[in-house]
Amino acid sequence: MATRTIGRYALLTFCAVVVFLPIYVAVVIAIQPAARVVDFPGVLLPKSLTLEPFRNAMRSGNLGRYLVNSGVVTAFIVGGQVITSILAAYAFAFVQFPFKRVVFTLFLATLMVPAEATIVANYETIQHFGWLDSYQALVMPFLATAFGTFLIRQAFLGVPQDLRDASALDGYGHWGFLRGVAVPLARPAIAAFTVFSFLLAWNQYLWPLLVTNDDAHRTVQIGLKSLAGANVANLNLPAAGAVIAGLPIFFLLLFFQRHLVRGLTSGAVKG
Amino acid sequence: MASVAFEHVTKRFGDVVAVEDLDLHVDDREFLVLLGPSGCGKSTALRMIAGLEEPTEGAIRIGEHRVDGVDPKDRDLAMVFQSYALYPHKSVRQNIEFPLRSRKVPPAERTQLVQDAAGQLGLSTLLDRKPRELSGGQRQRVALARAIVRRPAVFLMDEPLSNLDANMRTATRAELVELHQRLGTTFVYVTHDQVEAMTMATRVAVMSEGSLQQLGVPQEVYDRPANVFVAQFIGSPPMNVVPGPVAAPLGVGRDDVVVGIRPEHLMIGTAGISAIVRVVESLGHERHVLCEADGHRLIVRCPAHGDAPVEGDAVHLSARPEHLHLFDASSGQRVA
Amino acid sequence: MAVPVQAGGAEVVVGRRKREWPLAVILLLPSAVVFGLFVFYPLARTIQLGMYRSDPFGGLGRYVGPSQYWDVLTSESFLRSLGVTLKFAALTVPTGLGLGLGLAVLGHQQLRGIGVYRTIFSSTVATSVAVASLMWLTLLNPSIGLVNQALTKLGHEPIIFLQRPGWALVSVAMATVWQNLGFTFIVISAGLQSVPDELLESARIDGAGPWRRFREVTLPLLSPTLLFAFVVLSINAFQTFGQVDLLTHGGPLHSTELLVYHVFQRTSNDPSTAAAEAVVLFGIVLLLTLVQLRVLERRVHYGD
């Protein structure tokens, strides 16, 4: 191997180690007994394995219940966003109606309103509905997204006009075309959006923290907060908590990396 | 079984007139070809029959019914698209079946109809493939099968052969004629290819710039083109058209006409229009001699073998009087 | 699009075509309701709330008028928080962009096994704010965190990362840059991949070395992507909350009290102040987005 190639690998490896270090450290601390944590650098190369930190994290952080909550909330948000986005995207791509441009601009305008800027009034609304500490509070505000609408609309616009015409002659109205042709053909975009939506929904922090206070509805991300503050002298607990809460997304990335990349980059391609 | 009629149909897209005052009656069981260059309005006319576009003015009838404003699916017709418009995510079977499902045909009957249609077009072994696994010709057959499966009264075809290679196209032309005879329904077929028009049509409607130029059986349109446009659009190589004075040696020296002569009717001899040979093209089965007379190009069709002039020769071109087409010099309309 | 038919007498008209707009209403309604209720209404409501003085129990209180914006926005605590946020953006955005670009260029090489490196470089997208914060909490723990254990081994004094005014914001910034790195890497990598090879090859034939090719071909073509990443990272910086809540609670001495954390603390007991501040946040994000749209419209560097 040429020295240049060796140099390139050395640089790549160095960067990879630095980038991966926080994840690696969390994993090795999470699977070793507390006593080992103070044994640097030995802790980086685990000799014995224990699941104790995970058990403790699940128990003291009540992560089991929180994981279920996160799962339920994420499922509803993702399902809801996919459905509302497909419907709206279809209207923008295939249905003739007056003021289409205006309505579309209004949809896109929602992208410019950061959720953080509306928490005060949204908190008030949720309170008014009596939804504090409920799944509704965690799900309802996120049941629609202009990003998904935009992404899926782009895919719909790529469906050839001939297919729309053919399906009209084959006897299908809008619903038949939507179900039988448009959605199946837009599957890559819908998949990319689904993965992206899952990532955002699962990782939410500020809103769930604001509107939930009880174990029955708090999500796993909020559960981590109690682990963070619990005990400064015990690193196993936060490390194990981070691993537990991160695992679903890790698997998501493992299996759907391609879709996620598509979802993340589609905003960059065209504004 | 149905006739199709355009009654003074005009279609505008904003300021652009796509079809202007089209009045055309297609008989039941006819194979009518709408022929013209791209942008002449022929596809728009077809799409208006299908209900994919609505006329701005005038009426369209299918059989007894006036259909403008009627949904495409209620018009009892099927269409084959230039792109074939196969659903890429559906198998051949599902593609052919698709129009039956929307019409709630019972499953058993559906299977039977799909098998019949596939059998007629030689697709029986390909039913489980996806369109992307098929050749161009096979895709085209699937599009046809999807059209015939529900036995519509009218078939519309929009340049269905233009994506096929030359051999495939020739073979498919004959099959379409046969299919037309077997089904006994009305075909309206759009093409820019005059060979398709000549070989398949029972009647040809030649269009240009949104208006109908001539309607007639193919031979009649070829033998007596109604104007200069039709004369030059049909026939390959196209008809030679020169101003009257240039053709004076042939006995028609009038200023107010242009004279058309088909390349196969020009003879190289000792009398007639004097010209210089510029290029000789050999096509294998015949030769085209490109001449220039008084700044005008004239093409002569010659046999592949035997004597022929070469580049730079001075020649004389003549034609029999009955082979001269006379058109009005200003309007382009046929005068004799 | 129905066309009126003057159907005379015996004409049979079947299956008249319907207008399409009612369908559009049905399709758009679910999204429109959500946007109306949770985006547009709260935006207007927030602006309105900013003009009231909350009563001590968190109620709407008494109308003060637009002047309250002036009071809130010139208050010491808000200005301090805005200053911290700007400092935080200055710490995170250029660093994040630079590191992301560096990793993307490294990961763009044609080498055996490069896929593994690329996966590692994008791995931080899998972490949420909370997960990333806990990981950094583990690393930066004052006594038994691995960084301080390492420093001690090297004979250095341990650093109290999260509880020292000078270090706390930097530590939060580090965690943030790291957490965003996966996203930045993925986006810039995609941008690099869309630079046509022919352009680089033709520059090579023209005698341009690697550095010139990068500066004069790759970088200009990459500029829309970099702008996009820049805007997203900036918006992220202004929206940062979780890291502060988990790592420092805004302390020490308010040194990490970012805008959203400031708003959050006041949401339930002083909504009007929180609302006025949230409007500023909205204004900043809007400005950044508009800059992006404006520049993207002019298609940074290549005008098609």
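The values are calculated or read from the model by the stated rules, or taken from the named source; none is laboratory data. Quick caveat, the model's predicted, so the values are computed rather than measured. Backbone-built Cβ (ideal geometry, glycine too); neighbour counts: all protein chains shown.
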Looking at C:93, C:64, C:72, C:84, which one is more than 8 Å from chain A (Cβ to nearest Cβ), under 29 Å from residue C:254 (Cα atoms), surrounded by 21 or more Cβ atoms within 10 Å (Cβ to Cβ) and at pLDDT below 90?
C:72
Of the residues in the range B:38-61, those that are crowded, with 20+ Cβ neighbours inside 10 Å, out of contact with any Lys or Arg (no Cβ under 6 Å at 6 or more places or on another chain) and more than 10 Å from every other protein chain (Cβ to nearest Cβ) number 9
Name the residues in the range A:10-39 that are within 7 Å of chain C (Cβ to nearest Cβ), buried (at least 18 other Cβ atoms within 10 Å of the Cβ) and farther than 18 Å from residue A:244 by Cβ, would you?
A:12, A:15, A:16, A:19
For the range A:122-148, which residues satisfy the criterion of being over 14 Å from the mean Cα position of the chain (by Cα) and of a type in the set (S, T, N, Q)?
A:122, A:125, A:127, A:134, A:136
If you go through B:105, B:92, the only one that is farther than 23 Å from residue B:174 by Cα and at pLDDT 95 or above is B:92
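Mind listing whichever residues of the range A:1-26 are of a type in the set (Phe, Trp, Tyr) and either part of a loop (DSSP other than H, G, I, E, B) or farther than 30 Å from residue A:238 by Cβ (or both)?
Of the range A:1-26, the ones of a type in the set (Phe, Trp, Tyr) are A:9, A:14, A:20, A:24.
Once the filter is applied, which keeps residues that are of a type in the set (Phe, Trp, Tyr) and either part of a loop (DSSP other than H, G, I, E, B) or farther than 30 Å from residue A:238 by Cβ (or both), the range A:1-26 yields only A:9.
Inspect all residues belonging to the range C:119-133 and state whether any of them is more than 22 Å from residue A:220 (Cα to Cα) and touching a residue at least 40 places away in the same chain (Cβ under 8 Å).
First, the residues of the range C:119-133 that are more than 22 Å from residue A:220 (Cα to Cα): C:119-122.
Imposing the further condition that a residue be touching a residue at least 40 places away in the same chain (Cβ under 8 Å) reduces the set to C:121-122.
Yes, the range C:119-133 has at least one match.
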Residue satisfying condition, being at pLDDT 90 or above and more than 12 Å from every other protein chain (Cβ to nearest Cβ), within set C:201, C:257, C:216
C:257
Looking across the range A:123-153 at residues that are assigned to a helix (DSSP H, G or I), at the interface with chain C (Cβ under 7 Å from one of its Cβ atoms) and in contact (Cβ under 8 Å) with a residue 24 or more places away in the chain, the single one that is nearest to residue C:268 (Cα to Cα) is A:123
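Any idea which residue in the range C:105-127 is farthest from the other protein chains (Cβ to nearest Cβ), counting only those that are of a type in the set (A, V, I, L, M, F, W, C) and farther than 11 Å from residue C:182 by Cβ? Reasoning before the result, please.
Of the residues in the range C:105-127, the ones of a type in the set (A, V, I, L, M, F, W, C) are C:105-106, C:111, C:114, C:116, C:120-121, C:125-126.
If we keep only those that are farther than 11 Å from residue C:182 by Cβ as well, we get C:105-106, C:111, C:114, C:116.
Details: C:105: 11, C:106: 6, C:111: 6, C:114: 8, C:116: 8 Å.
Ranking the qualifying residues of the range C:105-127, first place goes to C:105.
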Among the residues that make up the range C:155-171, is at least one of them at the interface with another protein chain (Cβ under 10 Å from one of its Cβ atoms) and surrounded by fewer than 22 Cβ atoms within 10 Å (Cβ to Cβ)?
no
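Picking from C:203, C:175, which residue would you name as being assigned to a helix (DSSP H, G or I), in contact with an Asp or Glu (Cβ under 8 Å, 6 or more places away or on another chain) and among the small types (Gly, Ala, Ser)? It would help to see each step written out before you state the result.
Numbers: C:175 fails: in contact with an Asp or Glu (Cβ under 8 Å, 6 or more places away or on another chain).
Step by step, each of C:203, C:175 is checked, and only C:203 is assigned to a helix (DSSP H, G or I), in contact with an Asp or Glu (Cβ under 8 Å, 6 or more places away or on another chain) and among the small types (Gly, Ala, Ser).
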Is there a residue being more than 7 Å from chain C (Cβ to nearest Cβ), part of a helix (DSSP H, G or I), under 30 Å from residue C:293 (Cα atoms) and over 20 Å from the mean Cα position of the chain (by Cα) anywhere in the range A:74-89?
yes
Output the residues belonging to the range B:1-42 that are in a strand (DSSP E or B), more than 20 Å from the chain's Cα centre (by Cα) and aliphatic (A, V, I, L, M).
B:9, B:16, B:17
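Would you confirm whether any residue within the range B:224-239 is basic (Lys, Arg) and outside the structural domain of residue B:196 (by TED's automatic domain parsing)?
Residues of the range B:224-239 basic (Lys, Arg): B:224.
Retained after the next criterion (residues that are outside the structural domain of residue B:196 (by TED's automatic domain parsing)): none.
Among the residues of the range B:224-239, not one is basic (Lys, Arg) and outside the structural domain of residue B:196 (by TED's automatic domain parsing), which makes the answer no.
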If you go through the range B:296-310 one residue at a time, how many are more than 18 Å from residue B:284 (Cβ to Cβ) and at pLDDT 90 or above?
3
Note down all Cβ pairs under 6 Å where the first residue falls in the range A:199-217 and is over 13 Å from residue A:245 (Cβ atoms) and among the charged types (D, E, K, R), the second is modelled with pLDDT of 90 or more and assigned to a loop (DSSP other than H, G, I, E, B), and they're at least six residues apart or on different chains.
A:214/A:133
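Only one residue in A:40, A:54 is assigned to a loop (DSSP other than H, G, I, E, B), closer than 30 Å to residue C:144 by Cα and modelled with pLDDT under 95, so which one is that? Outline the logic, then answer.
Values: A:54 fails: assigned to a loop (DSSP other than H, G, I, E, B).
Going through A:40, A:54 in turn, the sole match is A:40.
Given the options A:176, A:171, name the one that is free of Cβ contacts under 8 Å to residues at least 12 places away in the same chain, assigned to a loop (DSSP other than H, G, I, E, B), within 14 Å of chain B (Cβ to nearest Cβ) and under 30 Å from residue B:87 (Cβ atoms).
On the way: A:176 fails: assigned to a loop (DSSP other than H, G, I, E, B).
From the options A:176, A:171, the qualifying one is A:171.
Report whether or not residue C:246 is more than 10 Å from chain A (Cβ to nearest Cβ), assigned to a helix (DSSP H, G or I), buried (at least 22 other Cβ atoms within 10 Å of the Cβ) and out of contact with any His (no Cβ under 8 Å at 6 or more places or on another chain).
Details: more than 10 Å from chain A (Cβ to nearest Cβ): no; assigned to a helix (DSSP H, G or I): yes; buried (at least 22 other Cβ atoms within 10 Å of the Cβ): yes; out of contact with any His (no Cβ under 8 Å at 6 or more places or on another chain): yes.
When the stated conditions are applied, residue C:246 does not pass them.
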